[in-house]
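K.L.:
The structure follows.
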């Protein structure tokens, strides 16, 4: 087929071909110099296709999102990822089915790239993905540097400057503050203006700091490492031009109200004082009873936790708070421990003592029956020997039946009786725990006239133990 015949056939197909290519054709009222010939073509780029001797096939088109360009007669040809010369070869091969030895040239006229400079980790020029926005380009550049002013970014677009506030976008997610980019856009990220302030006192890294304009007191304290354990957050002071500005940072959310967390000015000094230390005692039924040094503002619950917590089985209703002036207050310790915000969780004063004693019944033992001075006796140790218990009760009477004594014990809600031969105990033949009494135990001796295992005597011992429990509590 001659070149003239091919051109005649091309004329018949031109209308369909132009329709296929019209959506990619770009009018260019302001021609610009082509980009370097070794640049790689990307989606969104504008390229100039020239077919020598075929002006109706020569045009400027935009590379589609899938990397193709429309060509009359042949449909779409993929050019993304190719250099202009390689793209010309691909188009030439496609046209060779309709033209005899076509000569094709491709120039990259407008690359779909944007640049970002200033306070980002990797400033430079990047290929834009479809519908990329300002924050996408920032992320492609590695993100902001720490001192970047995210609220004062400038977008340069064909001689115009557009203000971009990506700090507002990060705070609200409002897309209107994160504009969509176009080829050739340039983002300029400036450095935040800094102030010199000092943070002194009870912070981890006291000293002079550079903080951004608009930084608040809490921001500077966090940059100084945060509070120490002894920091008095309620009495922070900002020194400014000779005046003192009190700041209370002990509130749950001090940043919510500007008056509680004011903005800093150049030359300010933030001073965090130390809490006054108190001497308090936690005694009785806690794991580590002792005297403690605690910061001012310590509560009852915090002091009990410092003492290791409550021992198992402790009677919280016996807790008392004794002040230095000898005044004693009843303490609702259960509520204080269960609800740290309750009124029962009192703030301690210097010299206070939290006392949680054991119930008296748990520190007594009984010796009843055929003894000279039976009764209940205060224990000075955790356990006493049966021999010592008999001595405390004045010893057995002459007609006591030593071979058939018994020990009545309380084990939770159960009451048990253990027979014991006091003759063997007194001779030292029976030793160990079986020959001792613990808190709440009762040693019972009967007389020889009535069997020790009689129903009357056992019921009497149980009745005495029940009376003991009722009198002193469990």
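K.L.:
Any residue in segment 217-225 that is surrounded by 15 or more Cβ atoms within 10 Å (Cβ to Cβ) and either on the phi > 0 side of the Ramachandran plot or part of a strand (DSSP E or B) (or both)?
P.N.:
The answer is no; no qualifying residue exists.
K.L.:
Among the numbered conditions (1) in a helix (DSSP H, G or I); (2) modelled with pLDDT under 90, tell me where residue 184 comes up short.
P.N.:
Against the list (1) in a helix (DSSP H, G or I); (2) modelled with pLDDT under 90, residue 184 comes up short only on (1).
K.L.:
Report whether or not residue 138 is assigned by TED's automatic domain parsing to the domain that holds residue 163 and buried (at least 17 other Cβ atoms within 10 Å of the Cβ).
P.N.:
yes
K.L.:
Cβ contacts < 9 Å: first residue in contact (Cβ under 8 Å) with a residue 24 or more places away in the chain, restricted to segment 368-380; second residue surrounded by fewer than 17 Cβ atoms within 10 Å (Cβ to Cβ) and assigned to a strand (DSSP E or B), any location; separation 6+ or different chain. Result?
P.N.:
The qualifying pairs are 368/375; 369/447; 370/447.
Table: residues versus (1) outside any loop (DSSP other than H, G, I, E, B); (2) farther than 18 Å from residue 125 by Cβ; (3) modelled with pLDDT of 90 or more.
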residue	(1), (2), (3)
13	yes, yes, no
19	yes, yes, no
27	no, yes, no
30	no, yes, no
33	no, no, no
41	no, no, no
56	yes, yes, no
66	no, yes, no
70	yes, yes, yes
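K.L.:
To continue, here is another question. For segment 286-318, which residues satisfy the criterion of being outside any strand (DSSP E or B) and at pLDDT below 90? Working first, answer last.
P.N.:
Quick first cut of segment 286-318, residues outside any strand (DSSP E or B) only: 287-289, 296-298, 300-309, 311-318.
Result: 296, 297, 312, 313, 314, 315, 316, 317, 318.
K.L.:
Additional query: For the subset of segment 187-201 comprising residues that are crowded, with 20+ Cβ neighbours inside 10 Å and within 13 Å of residue 270 (Cα to Cα), which member is farthest from the chain's Cα centre (by Cα)?
P.N.:
197
The values are calculated or read from the model by the stated rules, or taken from the named source; none is laboratory data. All of these numbers come straight from a predicted model, not from anything done at the bench. No Cβ is skipped: glycine too gets one built from the backbone with ideal geometry, and neighbour counts run over all protein chains shown.
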